[in-house]
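Structure record follows, encoded as C-alpha cells.
The values are calculated or read from the model by the stated rules, or taken from the named source; none is laboratory data. What you see is a predicted model; the values in this text were computed from it and never measured. In this analysis, Cβ positions are derived from the backbone assuming ideal geometry, glycine residues included, and neighbour counts consider all displayed protein chains. All accessible areas refer to the heavy atoms of the entire protein, side chains included, with ligands and DNA or RNA removed. Shrake-Rupley method; radii C 1.70, N 1.55, O 1.52, S 1.80 Å.
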Amino acid sequence: MKRLFKNAEVYRDGKTEIEDILIDGTTGKVEKIGRSLSDAEAEEYDLTGKLLAPGLVDIHIHLREPGGESKETIETGTQAAARGGFTTVCAMPNTRPVPDSAETIDELQKKIKKNAVVRVLPYAAITERQLGKSVTDMQTLSERGAFAFTDDGVGVQTAGKMYEAMIEASRLNKAVVAHCEDNSLLYGGMLHDGEKARELGIKGILPASEAVHIARDILLAEETGVHYHVCHVSAKESVRVIRDAKRAGINVTAEVTPHHLMLTEDDIPGDDANYKMNPPLRAQADREALIEGLLDGTLDFIATDHAPHTAEEKNMSIEEAPFGIVGLETAFPLLYTHLVETKAVPESQLLDWLTKKPAEVFQLPYGEITEGGYADLVVIDRHKKQRVDTENFLSKGTNMPFNEWELTGWPVMTICEGNIVWNEKEEKVR
Ligand SMILES: [Zn+2]
C-alpha cells in the first residue's frame, strides 16, 4: 500500500523543511519527496505541525529472548521500540543460549523474523558463552548475519583474548563492541564510588574499572586496526582516554546513554534499585564531561541500553537487585525535553545522534530520509506533553527512574520499511 504524508516538517540533510513524502509499503522504500505531491492510490495523512524524522536507530538494547522471556521478548521489546520511534535496534547477546554458534544465531534469526515489529540486528558474542575463554567462530557468525561482536554484560577480561578477537573481526571488517569493566577493579561495587555510595553504606564502583579497560582496548585497536566501539561511557576519565585516542587517529567510536546524560549519583533517592545500572550513575563532573564529549564528537551517538528486568527482581535492595533500566519508550521525549527545550542542543543535533550518526558509524543504510531509501520514519509531536507512566509501557520492563516525569516531544507514529508499526491514534502496534 502507498502512503502520502502531507505538509510535514521533514528533517533531512541536516535541515527541516515542509515537504510531502510518498512511501510504498510493498517495496518498503521512499518513492518521492517534494512539494504538493499527489497520488491517486495513496492513503493520505496530514502531518501539519508535526516533525517527520528518520526512524531512530538504537545500537544497544537487550531483548532478553531467548532465556529471559519473563523480563522481555522479541515481540514486547520491539513493540516498545516502535512506540519509542525506533525502527532499527541491535540486540545484545547476553541471552540463554548466547548467540555464539551457527545453530544459536540461526535460531535467534528465526525468532526475530517471526516476532519482531521493527528491524532487529543481532549481535554475536566475542567469546563462547561470553566466558572470555575462547573466541567464537566469527566468520561463520558473520555469514549468518551477526551485526557485530560483543560480550556486553561483561568485559573481556584478558588482553590476549581481546587481541585475538580484534584481529579476526578486523579481517572480517566487523566492529568489536565493548562493555568495558575490569573485574579485578570491582571490589563488589554497586554504585559509583562517591558520596552517595558512602551515605548508603554500599560499596563503590571505581571509574578506573571502566577507563582502564578502555585504555587497554584502545591500544589493542591501534595494534590491530579494528573498528572498536565503546558501550555506555560513564566516566570523565573514559571520555578523556577516547578523546586522546581519536586525536591519535585510532579507529574508536563510543556511545552514551540518556540516563547518564540526565542523572547523577545525587539523584538516587535512597535504596531504590530503579537507579541501579551498569555502569552506574556517576558524579556531576562526569555528567558534564559526557555532554561535552558528545558536543565535541568524542562520543559519537546516544544508545539506550534498554535493559528490562521483572518487578520482583527490581523490588529488591540495591545490593540484591540486578543492574539495568529500560529506556526505549522514553528516550526521545526525555532527551528532547532536557536537551532541546532547554536550548542546550539544537534539535537537528539530537536527531543526528539518534539516527544518522549510529548508522554512519556502523555503515548501515538507515538513519536518513532519501528518495529510494528505506521508508523508516518517525512522526514526532513536539508539543505533546505527557507524564511517563511505566504501567502503560509495551515493554515488560517498568524498571526506570523516570516514572511520572513530565516530558514533551513524543513520537506519535512509527513507520518501518513503509509499514506503520505504531500509531498513537489507534494506540496500537502492528
Ligand atoms: Zn554493558
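Counting only residues that are part of a loop (DSSP other than H, G, I, E, B), open to solvent by less than 20 Å² (accessible area, probe 1.4 Å) and at positive phi, how many does the stretch 363-414 have? The number of residues fulfilling the criteria is 1. Of the residues making up the stretch 132-159, those that are within 16 Å of the ligand (Cβ to nearest atom) and in a loop (DSSP other than H, G, I, E, B) are GLY132, PHE147, ALA148, ASP151, ASP152, GLY153, VAL154, GLY155, VAL156, GLN157. Among the criteria (1) part of a loop (DSSP other than H, G, I, E, B); (2) over 30 Å from PRO97 (Cα atoms), the one PRO66 does not fulfil is (2). Of the residues ALA178, ALA208, ALA124, the single one that is within 26 Å of ALA273 (Cβ to Cβ) and within 16 Å of the ligand (Cβ to nearest atom) is ALA178. Applying the criterion of being assigned to a loop (DSSP other than H, G, I, E, B) and small (Gly, Ala, Ser) to the residues of the stretch 292-327, the residue that is farthest from ARG247 (Cα to Cα) is SER317. Residues that are aliphatic (A, V, I, L, M), in the same structural domain as ALA148 (by the TED database) and closer than 24 Å to PRO346 by Cα do not occur anywhere in the stretch 3-23. Residue count for the stretch 346-362 satisfying the condition of being in contact (Cβ under 8 Å) with a residue 12 or more places away in the chain, open to solvent by 10 Å² or more (accessible area, probe 1.4 Å) and in a loop (DSSP other than H, G, I, E, B): 1. I'd like to check something: does the stretch 413-429 contain any residue that is closer than 24 Å to ALA146 by Cα, among the charged types (D, E, K, R) and not assigned by the TED database to the domain that holds PHE86? Checked the stretch 413-429: at least one residue is closer than 24 Å to ALA146 by Cα, among the charged types (D, E, K, R) and not assigned by the TED database to the domain that holds PHE86. Could you check the stretch 69-102 and list, in sequence order, the residues that are assigned to a loop (DSSP other than H, G, I, E, B) and either within 16 Å of the ligand (Cβ to nearest atom) or buried (at least 22 other Cβ atoms within 10 Å of the Cβ) (or both)? Scanning the stretch 69-102 gives LYS71, GLU72, GLY84, GLY85, MET92, PRO93, ASN94, THR95, VAL98, PRO99, ASP100.
Just a yes or no: is a residue in the stretch 292-312 among the β-branched types (Val, Ile, Thr) and within 16 Å of the ligand (Cβ to nearest atom)? Within the stretch 292-312, one or more residues are among the β-branched types (Val, Ile, Thr) and within 16 Å of the ligand (Cβ to nearest atom). Restricting VAL241, VAL212 to residues that are open to solvent by 10 Å² or more (accessible area, probe 1.4 Å), in contact with an Asp or Glu (Cβ under 8 Å, 6 or more places away or on another chain) and not in a loop (DSSP other than H, G, I, E, B) narrows the list to VAL212.
Among residues that are surrounded by fewer than 21 Cβ atoms within 10 Å (Cβ to Cβ) and in a helix (DSSP H, G or I), ASP271 is not included. Scoring LEU290 on the criteria (1) in contact (Cβ under 8 Å) with a residue 60 or more places away in the chain; (2) open to solvent by less than 10 Å² (accessible area, probe 1.4 Å) leaves a single failure, condition (1).
Just to be sure before I move on: is GLU288 farther than 30 Å from LYS161 by Cβ, acidic (Asp, Glu) and in a helix (DSSP H, G or I) in the structure I sent? So GLU288 fits the description; yes. Would you confirm, using the coordinates I've provided, whether MET277 is away from the ligand (no atom under 14 Å from the Cβ), of a type in the set (A, V, I, L, M), part of a loop (DSSP other than H, G, I, E, B) and under 28 Å from GLU199 (Cβ atoms)? Answer is no for this residue.
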